[in-house]
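Quick notes on the structure that follows.
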Amino acid sequence: MRTQNTPTAAIQPAARYITRSICDHNCFFELFVIKRTAKTATIRYNGEIRRTKIKVDCSGFEYLRPDDYSMAPIFRAECAA
């Protein structure tokens, strides 16, 4: 019997997330979550306030990917600053 994954780490409002660049290990990206709903988060990223979709990986952890290009940074819930 297969059970459904439930998130153990969730994106939290008023939290700061930091991740490293895929290309340059010394380059960091920062994102601040202003508020969230069940499916979206309002974020401050690169000086802009915008909304992005909250996604869930195969382990049940939530993550944000505010840009949509091949090497875009991914902000994972378990990596809150």
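When Rg is the radius of gyration of the Cα atoms in the chain and Rh is its Kirkwood radius, what does Rg/Rh come to?
Ratio of gyration radius to Kirkwood radius for the chain: 0.98.
Figure the gain on full extension for D68 and K39 (residue separation times 0.36 nm, minus the Cα-Cα span) and round it to one decimal in nm.
On the way: separation 29, 0.36 × 29 = 10.44 nm, distance 1.73 nm.
Full extension of this stretch gives 8.7 nm more.
Surface analysis of the chain yields an accessible area of 71 Å² per residue, using protein heavy atoms and a 1.4 Å probe.
A simple count of charges around P66, restricted to other residues whose Cβ falls under 12 Å of its Cβ and scoring Lys, Arg +1 and Asp, Glu -1, yields +2. Under a Gaussian network description of the chain, with springs only between Cα atoms under 10 Å, the residue in Y17, Y63, Y45 that fluctuates furthest is Y45. Counting only protein heavy atoms and a probe of 1.4 Å, the accessible surface of the chain is 50% carbon and sulfur.
If R0 equals 30 Å, the separation of the Cβ atoms of N26 and D57 corresponds to a calculated FRET efficiency of about 0.70.
The values are calculated or read from the model by the stated rules, or taken from the named source; none is laboratory data. Quantities reported herein were computed from a predicted structural model and do not represent experimental measurements. Cβ coordinates were reconstructed from backbone atoms using ideal geometry, including for glycine residues, and neighbour counts include every protein chain displayed. For the accessible areas, the whole protein counts, side chains as well, though only heavy atoms, and no ligand, DNA or RNA atoms are used. Shrake-Rupley method; radii C 1.70, N 1.55, O 1.52, S 1.80 Å.
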